[in-house]
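See below for the structure under consideration.
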Amino acid sequence: MPIETPLLYESKGSPNARRVRVFIAEKGIEIARRAIDLGSREQFSDAFKAVNPRMQVPALQLADGTVITEVLAIWRYLEEAYPHKPLLGTTSKDKALVTMWERRAELDGFAPVMEAVRNALPGLKGRALSGPHDYEQIPALVERSKQRVSNFFADFNARLDSAPFVAGDEFSAADITTLVTVDFAANALKMPIPESHQSFRRWYESISSRPASSA
Ligand SMILES: N[C@@H](CCC(=O)N[C@@H](CS)C(=O)NCC(=O)O)C(=O)O
């Protein structure tokens, strides 16, 4: 059956899918969704492989059948297609700053949390990286990843000492990745933001109370 509006393939337990869900909720748009059950390995089913051969969520299928994967690419599409309430910046300077801070949140925070989790969980043996290729876990990476998460907390606390939002004066996608990273670290690694990091904790309280953050 042809799909008339974009269809988001996602999964409740997926932090990457949550980055897209919160973005959609912040924009206040309605996007049809289909749940892929990662717990029962539905990402490896022939039906989902036909949608995304990389076997990952999120994936956004457009009306013409095009499938967009990668959180940043899905965000870019949604920002252009639904330009009200911009979340990726408006001026050249702000767009660059949102990209810069969002990349730091992903590379210095989100990725180390993911690395620690995927190299530790017994259920992910042989699947240390998601995607089309199998990789063995490297247990020694877990401690290093946790050190990187601690440094991310300290660095972002310093940033939030002097800015109300991660990228500056406005809420943006950089706040979304940071929020998802903080919750992921607290839930999966039992690493909440340390009590000493008051600016980061104040930011978290305010951002997590936004209605879209529960998406
Ligand atoms: N770089 C991708 C990463 C997507 C990704 O890693 N998704 C995870 C869920 S958070 C997944 O699909 N995992 C499937 C698996 O572990 O086999 C993006 O930005 O969307």
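The values are calculated or read from the model by the stated rules, or taken from the named source; none is laboratory data. All of these numbers come straight from a predicted model, not from anything done at the bench. Methodologically, a virtual Cβ is constructed for each residue, glycine included, from the backbone with ideal geometry; neighbour enumeration extends over all protein chains shown. Note: areas computed on protein heavy atoms with side chains; ligands, DNA, RNA excluded. Shrake-Rupley method; radii C 1.70, N 1.55, O 1.52, S 1.80 Å.
List of remarks:
- Of all the listed residues (LYS49, LYS85, LYS93), the sole one being within 16 Å of the ligand (Cβ to nearest atom), open to solvent by 50 Å² or more (accessible area, probe 1.4 Å), of a type outside the set (Asp, Glu) and out of contact with any His (no Cβ under 9 Å at 6 or more places or on another chain) is LYS49.
- Helices (runs of 4 or more DSSP H) lying entirely in the stretch 123-215 (those with 1 or more residues that are touching a residue at least 24 places away in the same chain (Cβ under 8 Å), under 22 Å from ARG21 (Cα atoms) and of a type in the set (Val, Ile, Thr)): 173-188, 198-208
- Just one of (1) over 23 Å from SER214 (Cβ atoms); (2) crowded, with 16+ Cβ neighbours inside 10 Å; (3) away from the ligand (no atom under 12 Å from the Cβ) fails for LEU78. It is (1).
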